[in-house]
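First comes the structure, then the notes that go with it.
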Amino acid sequence: MKTPAVSGGNDRNARVERLRVSRAKDSEDKTRRALDALDGLLRSGRRITVTQVAREATVSTWFVYNQPQVHQAVQDGITAQRVRGRQNSHTPEASQVSPAGLRTDLALAREEIKDLKQERDRLRNRVRLSLGAELEGVNQHELVERVQQIEQRNTALEHALSEARDQIAALEGQLREAEDDLTAARASLRRAMRAVPSP
């Protein structure tokens, strides 16, 4: 009767170990992608934000906030841009700024806020549904760790949401400026055309 239990325990331990190795490899891959994305943003002179690094690396903003190596590198990059300015920032971006492009960025930022709110709501719902069930058989130390993890996730989501809102405000300002410039350019073109003598 005891032999199957031992075998089952070994199987479970093996599954847990495979899962741990798989998660570690996935985390390493995400970390590498995030650092590569950050390096690309630095070299191109584009503005560094947690959201932009996550988007470029195809990882979640939660991962960027909660992976210490990545989060520190992003903070260092943001600080470097503030101190030294964004090198080459005017060359690639200025030629691409247009009302249509800014509207697209604005729509993407709003969609990201929507996704962040949905993720936050899902996490809250999961906590409400599962916390009561998890309390049984969980010692106090494990419970404290889980609560801390949930709080960290919530903090990360709040940071990402705040940053996305700031990004929307900045994009809306750029959009207004671009539309004003476009209106002024059209008016100037009309004046120039009226000033040309007819043949």
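Every number in this text was worked out from the coordinates using simple rules, so none of it is lab data. Everything numeric in this text was worked out from a predicted model, so none of it was measured. Using ideal geometry, Cβ is built from the backbone for each residue, glycine included, and neighbour counts are taken over all protein chains shown.
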Members of segment 24-57 that are over 10 Å from the mean Cα position of the chain (by Cα) and either on the phi > 0 side of the Ramachandran plot or outside any helix (DSSP H, G or I) (or both):
G45, R46, R47, I48
Does segment 64-73 hold any residues that are under 21 Å from E151 (Cβ atoms), surrounded by 19 or more Cβ atoms within 10 Å (Cβ to Cβ) and either over 14 Å from the mean Cα position of the chain (by Cα) or of a type in the set (A, V, I, L, M, F, W, C) (or both), and which are they?
V64, V70
